[in-house]
Amino acid sequence: MGFKIKLAAALIAVVAGAPVLAANAQQLVAPVITNQTYQPAYSAWDGFYVGAQGSLIGMKSHETNTVIATPPATEQLLGDIGGSAGVFAGYRMQLNDWFVLGVDAELNNVATQFEYNGLNYGALKWDTAVRATLGYPVANNVLAYGTVGYSWGRFDMSPALGAGSEFTAGGFQLGLGVDMMVTQNIMARLNATWTHYGVNSVPGPAGRTSEPSNAVIRAGLGWKF
């Protein structure tokens with residue numbers, strides 16, 4: 001009888017102590033975190049931004065019935081590498097962790113020339129553009145994106161053709177870029193675009209046309225708010 005009583009007492013003690021042991025075991029196990037939303041280092045891409053930029057421009061134009069060649073050529077390809085300075089602004093909306101939509105616009109003062117044998121045939125004086133952007137966050141504060149839009153430029157052919165040979169042309173623009181949030185509000189950007197302005201009649205003698213295009217690399221610094 002003494003043995004059975006001791007065995008029963010031991011079983012009762014084990015059963016009574018089980019909840020305490022279970023509670024101690026739970027304290028030794030690291031807690032499991034559920035339903036926790038990941039927050040990036042910066043709330044980077046929702047909102048408006050403005051900034052300033054500088055650009056390097058590779059400009060060319062396919063001209064017909066030019067007057068600067070000797071003898072005058074029926075067709076001539078002109079070009080130059082110049083630069084510009086301007087401003088940009090835009091708005092972005094981040095739909096999820098991998099998809100950012102936006103609109104972007106710019107206005108630049110341009111310094112380029114269309115040259116032939118060292119002679120200045122004309123220039124692009126200013127340009128502006130409006131673009132739609134589609135971006136992918138490659139890091140918490142880095143966004144890679146593509147753009148498609150439309151650009152307008154003011155062309156001045158008066159150095160070769162005389163006063164009154166200015167015109168404004170528009171054309172489609174494609175581009176790629178990377179923006180980085182340096183701080184929560186300061187944004188650095190680097191992008192490149194290609195624009196074709198179509199075939200345009202040059203004011204002046206009949207039959208002269210200009211088909212300009214350019215490739216542009218931009219670097220800028222902006223403020224997001």
Residues of the range 112-123 being of a type outside the set (D, E, K, R) and touching an Asp or Glu at 6+ places or on another chain (Cβ under 8 Å), which ones?
THR112, GLN113, PHE114, TYR121, GLY122, ALA123
Could you go through the range 126-139 and let me know if any residue there is surrounded by 15 or more Cβ atoms within 10 Å (Cβ to Cβ) and over 30 Å from ALA44 (Cβ atoms).
yes
Determine whether ARG154 is basic (Lys, Arg), part of a strand (DSSP E or B), in contact (Cβ under 8 Å) with a residue 24 or more places away in the chain and closer than 19 Å to ARG189 by Cα.
no
Evaluate the range 57-72: report whether one residue or more is touching a strand residue (DSSP E or B) at 6+ places or on another chain (Cβ under 9 Å) and either within 15 Å of ASN191 (Cα to Cα) or loosely packed, with under 14 Cβ neighbours inside 10 Å (or both).
yes
For the range 140-156: of the residues being of a type outside the set (Ser, Thr, Tyr) and out of contact with any Leu (no Cβ under 9 Å at 6 or more places or on another chain), which is surrounded by the fewest Cβ atoms within 10 Å (Cβ to Cβ)?
ASN140
Only residues in the range 88-110 that are more than 20 Å from ALA188 (Cβ to Cβ) count as the first member; pair them with residues that are surrounded by 14 or more Cβ atoms within 10 Å (Cβ to Cβ) and at pLDDT 95 or above, Cβ under 6 angstrom, at least 6 apart or cross-chain, and list the lot.
MET93/LEU101; ASN109/TRP126; VAL110/SER84; VAL110/TRP126; VAL110/ASP127
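The values are calculated or read from the model by the stated rules, or taken from the named source; none is laboratory data. If you're wondering where the values come from, they're calculated on a predicted model, not measured in any experiment. Every residue, glycine as well, gets a Cβ built from its backbone with ideal geometry; the counts of neighbours run over all protein chains shown.
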